[in-house]
Amino acid sequence: MARRLPVYLLIDTSGSMKGEPIESVKVGIEAMLSTLRNDPYALETVSISIITYDKDVNQLIPLTPIDDLQMPEISTPDSGPTHMGAALEMLCEKVDKEVNKGSKEQKGDWMPLLFLMTDGKPSDIQAFNNVIPKVKNSNFATIVCCAAGPKAKTEELRLLSDKVYQIDTLDSASLMKFFKWVSGIIGEGNKSMGATEELVLPPPPEEVNVVI
């Protein structure tokens, strides 16, 4: 079996994402997939999973090669909490189950990549804090967190990763550029697989601000 580059997308679908924000996210993910499908290396190796979280957490797509991936229906409730901690808990379970760790006879998958997006902050803060060590032990090559929109908080995200970025608006133009940048990161991950433990990110577009 070929070695895969597993990519996990964790998308906030709480009530505040309803309408234009979630539609913009869908457009952005479609643009990302389109870019990756034009990259022969990515077609051979990249598999993507999408997990959404609001009051419920759902894995909409298990780890699937991008060639076989059908864009799922992503919906949002009218209101309710943002269970980011529960989403990260599910993420760790899925990584344990889906990512091939390898054996003496066969090399496993490449280290997975995680991209998390929220327009707020975790409502289940205790669960969020408790799961952080588990996420960090899951051997991600990189964890990129995106705080999108004026109400997104970065303090908790910085506990999870040192790669936290902010987008001021949740319109389709900004999110399209963000997800195109994500496709660039995944492409970079493909080229440098095995060469380095720490993935060096390409510079973000001007709409995406680094949180120091």
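Is one or more of the residues making up segment 102-111 of a type in the set (Lys, Arg), open to solvent by 70 Å² or more (accessible area, probe 1.4 Å) and within 15 Å of the chain's Cα centre (by Cα)? The answer is no, given that none of the residues of segment 102-111 is of a type in the set (Lys, Arg), open to solvent by 70 Å² or more (accessible area, probe 1.4 Å) and within 15 Å of the chain's Cα centre (by Cα).
Please report, ordered by residue number, the strands (runs of 3 or more DSSP E) entirely within segment 30-147 with at least 3 residues that are touching a residue at least 60 places away in the same chain (Cβ under 8 Å).
By residue number, 113-118.
Quick check, is LEU91 within 25 Å of ASN130 (Cβ to Cβ), of a type outside the set (Asp, Glu) and open to solvent by 10 Å² or more (accessible area, probe 1.4 Å)? It is false that LEU91 is within 25 Å of ASN130 (Cβ to Cβ), of a type outside the set (Asp, Glu) and open to solvent by 10 Å² or more (accessible area, probe 1.4 Å).
Residues in segment 123-141 that are in contact with a Leu (Cβ under 9 Å, 6 or more places away or on another chain) and either among the charged types (D, E, K, R) or more than 11 Å from TYR8 (Cβ to Cβ) (or both): ALA127, PHE128, ASN129, VAL131, ILE132, LYS134, LYS136, ALA141.
Of all residues in segment 133-151, those that are open to solvent by less than 10 Å² (accessible area, probe 1.4 Å) and in contact with a strand residue (DSSP E or B) (Cβ under 6 Å, 6 or more places away or on another chain) total 6.
Of the listed requirements (1) within 17 Å of the chain's Cα centre (by Cα); (2) surrounded by 16 or more Cβ atoms within 10 Å (Cβ to Cβ); (3) within 29 Å of ARG158 (Cβ to Cβ), LYS55 misses just one: (1). Against the criterion of being of a type in the set (S, T, N, Q), open to solvent by 10 Å² or more (accessible area, probe 1.4 Å) and closer than 25 Å to ASP168 by Cβ, THR118 does not qualify. Taken over segment 162-181, the residue count meeting the criterion of being open to solvent by less than 60 Å² (accessible area, probe 1.4 Å), in contact (Cβ under 8 Å) with a residue 40 or more places away in the chain and either farther than 18 Å from LYS121 by Cβ or within 13 Å of the chain's Cα centre (by Cα) (or both) is 8.
For segment 61-93, a tally of residues being under 23 Å from GLY187 (Cα atoms) and not β-branched (Val, Ile, Thr) returns 10. Candidates LYS107, LYS97, LYS153: the one that is more than 26 Å from PRO21 (Cα to Cα) and modelled with pLDDT under 95 is LYS107. Taking segment 3-29 as the range and being of a type in the set (Val, Ile, Thr) and part of a strand (DSSP E or B) as the test, the residues that pass are VAL7, ILE11.
The values are calculated or read from the model by the stated rules, or taken from the named source; none is laboratory data. All values derive from a computational prediction rather than experimental measurement. As a convention, Cβ positions derive from the backbone with ideal geometry for all residues, glycine included, and neighbour counts pool all protein chains shown. Surface accessibility is based on the protein's heavy atoms, side chains included, excluding ligands, DNA and RNA. Shrake-Rupley method; radii C 1.70, N 1.55, O 1.52, S 1.80 Å.
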